[in-house]
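Notes for the one structure printed next.
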Amino acid sequence: MTTWDSYRQAGRPRRIRGGDIPAPHPVAWREQRKARVARPEARVIEPGAAEGAVVNLGGLKVDLDAVFTFVLFVALLFIANLGTLGAAAIAGAVPLYLVARRKKLERVLIARAFLFVVPAFAVFSTVWSEAPKETLKFAIELGITVVAGLLISSARNQEAVLRAMGLAFLTYIVFSLVSGGTVAVGVGAGGNAFSGLTESKNLLADIASTGVLVAIGMTLMAIRSRSWLWVGVGLVTLAAGFHAVTAARSAGALLGLGMGVGAMLALLPLMKVGKAVRAWLTTVVAVVLVAVGLSYRWLAQMMIEWGAQVFDKDPTLTGRTYLWYRAADLIQEKPMLGRGFYAFWLQGNPDAEGLWRYFGIESRGGFTFHNTFVEILVTMGWIGLIVVGLTLLVGVVALVRRFVVRPNLALVFWVGVLLYQLARTPIETIGIAPFYFSTVLAFGALGAAFGRVDSPRTVRTVYRPAQPRIVQVWPVEDVPDGWANPRWSPATGSLRLLRSDSDAGR
């Protein structure tokens, strides 16, 4: 007969006080130990792999975040060709998406409320604006653009968002390559540069460079999830975008693209190291970037010289230096508050008309000072520049901190995009143009620092065995008083002793 002493001390079941009690059969006891209910295990859903807001339409699962992203970016990229129809599509898509995500809207907007300081200051500038109606109109459009960026970066399924974004950029680049538009560029040898569907090679290069960054992020996520079809789509988008940006011969776009891609490649291995190492290396990179930002004049001069050597371009970067010279006089006239948000580049303004005529802009629109700091100083003054700078600083610090604490591929993409945008601020207007894809991505990157709605968390799941729990109860004859558990209800996990049938008649 098997007894309690036949078991090892470590694996022996708990024994109830008494004499020689037959132990369960060894085989049955081993099965019982294997079939016990395990403790809840922590299962972490990988960021980006969680399902988003999926709607079932006739058996077809549709991700609302992906649909909105695709529609929004198609309208943003083709807005120069669609005109009013593109602006109407953007203005209509954002409110519809707000309604679709109304249950989580409060969490999205409150956590990112400080980013609305920029459009709020733009609206407030109507008080002193030289063209208050236009300022109010463009400020509201800027607010809609900011909301769109925050909604995209807060979407739960970032992989689906990047796929939709990549398809939109691939669509635009393919149409641009088919159109084959070019513009004259350079001095000396001169030549033509690829401009695609636009009349600006810089705009085409900006779109293509951003498409390359999106393709890299989409491909990395597809490799992780082993979605080989999307890996192929990402590689095609990557090749087409890189061909377009090199054909556009834009020095600023290539330099910014190099910094963005370099940042993404540098952040990938940091995802696997410890938090302390990641924090130290990220801090070093951040200090270097701050130093580069403070010396933006040197960076702009380097870009001028590099562009002139590589692309045989005008040493003034196609007249940008004259633009900045004229802007200096405009800033001195109203240094503190500026002329009002988007109150300068308007038809009928003598200063704007003179610059358009000087540069041969027959459309008399779609022109900037090609410098983010100069553009802000002219339109919103030094106070506006401080507001934008502080907002950017808080967002960048929060984004870096989130990557250090909880790194993932989505954050790698957003950091790369933001660095690409910041690298181009000395020669382009970034982050304040309404209904512009770069503005959406800039605020989306800043908003990504505050997580996603229903972001993946540690989920407690209980393991339930396939076979029922085995319990073996033995009848006990002549139980002495006080021998069993004295509690009225048995303790959790204890054996319950039942009287035999022979005791029923006593």
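The values are calculated or read from the model by the stated rules, or taken from the named source; none is laboratory data. All values reported here derive from a predicted model rather than from experimental measurement. Methodologically, a virtual Cβ is constructed for each residue, glycine included, from the backbone with ideal geometry; neighbour enumeration extends over all protein chains shown. Heavy atoms of the whole protein, side chains included, go into the accessibility calculation; ligands, DNA and RNA do not. Shrake-Rupley method; radii C 1.70, N 1.55, O 1.52, S 1.80 Å.
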Elements of type helices (runs of 4 or more DSSP H) in the stretch 73-174, at least 1 residues being within 24 Å of Phe344 (Cβ to Cβ): 79-82, 84-100, 117-124, 132-153
Residue match in the stretch 207-214 (condition: among the hydroxyl-bearing types (Ser, Thr, Tyr) and over 18 Å from Leu411 (Cα atoms)): yes
Verdict on Leu385 being open to solvent by 30 Å² or more (accessible area, probe 1.4 Å), in contact (Cβ under 8 Å) with a residue 12 or more places away in the chain and hydrophobic (A, V, I, L, M, F, W, C): yes
When residues of the stretch 67-89 are limited to those that are small (Gly, Ala, Ser) and either surrounded by fewer than 16 Cβ atoms within 10 Å (Cβ to Cβ) or within 18 Å of the chain's Cα centre (by Cα) (or both), the one modelled with the highest pLDDT: Ala88
Counted residues, the stretch 97-108 - those being of a type in the set (A, V, I, L, M), in contact (Cβ under 8 Å) with a residue 12 or more places away in the chain and open to solvent by 50 Å² or more (accessible area, probe 1.4 Å): 1
Unmet requirement for Gly366, which otherwise passes all of (1) under 22 Å from Asp329 (Cα atoms); (2) part of a helix (DSSP H, G or I); (3) not polar (S, T, N, Q): (2)
Only one of Ala263, Ala248 that is over 18 Å from Phe413 (Cα atoms) and in contact (Cβ under 8 Å) with a residue 40 or more places away in the chain: Ala248
Enumeration of residues in the stretch 408-441 that are assigned to a helix (DSSP H, G or I) and either in contact with a strand residue (DSSP E or B) (Cβ under 7 Å, 6 or more places away or on another chain) or among the small types (Gly, Ala, Ser) (or both): Ala410, Gly416, Ala423, Ser438
Leu330 vs. criteria in a helix (DSSP H, G or I), over 25 Å from the mean Cα position of the chain (by Cα) and surrounded by 15 or more Cβ atoms within 10 Å (Cβ to Cβ): yes
Single match in Ala184, Ala131 (criterion: open to solvent by 10 Å² or more (accessible area, probe 1.4 Å), without any contact (Cβ under 8 Å) to a residue 24 or more places away in the chain and more than 29 Å from the chain's Cα centre (by Cα)): Ala184
Every residue from the stretch 352-378 that is surrounded by fewer than 18 Cβ atoms within 10 Å (Cβ to Cβ), touching a helix residue (DSSP H, G or I) at 6+ places or on another chain (Cβ under 7 Å) and either farther than 20 Å from Thr425 by Cβ or small (Gly, Ala, Ser) (or both): Arg364
So Met336, is it in a loop (DSSP other than H, G, I, E, B), modelled with pLDDT of 75 or more and within 22 Å of His370 (Cα to Cα): yes
Residue within the stretch 192-208 that is open to solvent by 10 Å² or more (accessible area, probe 1.4 Å), at pLDDT 85 or above and within 18 Å of the chain's Cα centre (by Cα) present: no
Every residue from the stretch 388-410 that is touching a Pro at 6+ places or on another chain (Cβ under 8 Å) and open to solvent by 20 Å² or more (accessible area, probe 1.4 Å): Arg406, Leu409
Test: Met259 is part of a helix (DSSP H, G or I), open to solvent by 10 Å² or more (accessible area, probe 1.4 Å) and under 17 Å from Gly211 (Cβ atoms): yes
